[in-house]
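S.K.: Below you will find the structure I want to go over with you.
The values are calculated or read from the model by the stated rules, or taken from the named source; none is laboratory data. Since the structure is predicted, the reported quantities are computational estimates derived from the model, not experimental observations. Here the Cβ is made from the backbone with ideal geometry for all residues, glycine too, and neighbour counts use every protein chain on show. We work out accessible area using only protein heavy atoms, side chains counted, and drop any ligands, DNA or RNA first. Shrake-Rupley method; radii C 1.70, N 1.55, O 1.52, S 1.80 Å.
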Amino acid sequence: VEGFKNYPHTFAEGEEVIVTEKIHGSNGRYQFGSADQKMHVGSHNYWKSEKSTCIWRRALAQHPWLSEFCTQHPDHTVYLEVVPTQKGYTYGCTEDQTKVFVFDILKPDGTWLDKISLEYLVPVNMQVPLLYRRPFDLEKIKALVEGQSTVQGAKHIREGIVIASATERTVRGLGRAQLKLKSMKFLETEGKA
């Protein structure tokens, strides 16, 4: 997801957008393949062996709804953040516990499920936290960037936010109409400001 500062004119004033909390974890993807009848689990770049004990496989074992959802929707790829994987960002997890936060689903035809449909398909406590769903208003949205994480049990700041068009669309030179704004406090804490 690209930074808002690089594409400030992506959203039109009044366009319906969905703003979610940006989770500081590790990107994962999950898919049940209709051809091989197997559950595929991967990180951002690599599919993981069925024998792996990695956090992505542990998350699948701890969240049975994910396997059920994928089996009911073969060849759809569920994209999510798995936590805790980043130091200091436990999101209220106890030792050996994981949480997952779905942010996208890629359909078998190569198109993305729109954000509104995603809200109805995935259990609310398994989605990235929704902060705002209204017409685009930059000042109101900027006010959501800083602050504590809204995840139940989290005792740390949020990484930032992701703004996406409520109706899936693409923008020339960018791709999907979605951008991120990172928290200045997060950037300072991580030494990236």
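S.K.: First measure r as the distance between the Cβ atoms of Asn6 and Trp65, then evaluate 1/(1 + (r/R0)^6) with R0 = 41 Å and state the FRET efficiency to the nearest 0.05. Walk me through the numbers on the way to the answer.
M.R.: On the way: r = 36 Å, r/R0 = 0.88.
That pair, Asn6 with Trp65, gives E of 0.70.
S.K.: Further question: Looking at the chain, I'd like the Rg to Rh ratio, where Rg is from alpha-carbon atoms and Rh is Kirkwood's inverse mean 1/r. Write down the numbers at each step before the final one.
M.R.: Values: Rg = 16.7 Å, Rh = 17.4 Å.
Rg/Rh: 0.96.
S.K.: Find the accessible area per residue for the chain; the probe is 1.4 Å, ligands and nucleic acids are left out, and the unit is Å².
M.R.: Values: 10250 Å² over 193 residues.
In whole numbers, the chain has 53 Å² accessible per residue.
S.K.: Sticking with this structure for a sec: Using Cα pairs closer than 8 Å and at least 6 residues apart in sequence, work out the relative contact order for segment 52-128, in percent.
M.R.: Details: 85 pairs, mean separation 20.6, N = 77.
So the answer I get is 27 percent.
S.K.: Let me ask something else about it. Which loop-located GluC sites (Glu not before Pro) does segment 1-107 contain, where loop means any DSSP state but H, G, I, E or B and the Cβ has at most 13 other Cβ atoms within 10 Å? The partial results should precede the final answer.
M.R.: Values: sites: Glu2, Glu13, Glu15, Glu16, Glu21, Glu50, Glu68, Glu81, Glu95; in loops: Glu13, Glu15, Glu50, Glu95.
For GluC sites (Glu not before Pro) across segment 1-107 that sit outside H, G, I, E and B with at most 13 neighbouring Cβ atoms in 10 Å, the list reads Glu13, Glu50, Glu95.
S.K.: Here is a follow-up. Give me the mean projected area, in nm² to one decimal, of the convex hull enclosing the Cα positions of segment 67-179. All intermediate terms of the calculation are to be shown ahead of the outcome.
M.R.: Values: hull surface 34.0 nm².
Mean projected area of the Cα convex hull: 8.5 nm².
S.K.: Round to the nearest 0.05 the FRET efficiency obtained for Tyr120 and Met39 when R0 = 22 Å and r is the Cβ-Cβ distance. Show your work: numbers first, answer last.
M.R.: On the way: r = 23 Å, r/R0 = 1.05.
The computed FRET efficiency comes out at 0.45.
S.K.: Rank these by accessible area, largest first, 1.4 Å probe: Ser183, Ser26.
M.R.: Details: Ser183 0, Ser26 25 Å².
So the residues, ranked largest to smallest area, are Ser26, Ser183.
S.K.: Taking the alpha carbon gyration tensor of segment 31-104, what are the square roots of 5 times its eigenvalues, largest first, to the nearest whole Å?
M.R.: Details: eigenvalues 99, 31, 24 Å².
Over the Cα atoms of segment 31-104, the semi-axes work out to 22, 13, 11 Å.
S.K.: Tell me the accessible surface of Ser43 in square angstrom (1.4 angstrom probe, heavy atoms of protein chains only), to the nearest ten.
M.R.: Ser43 exposes around 10 Å² with every protein chain in place.
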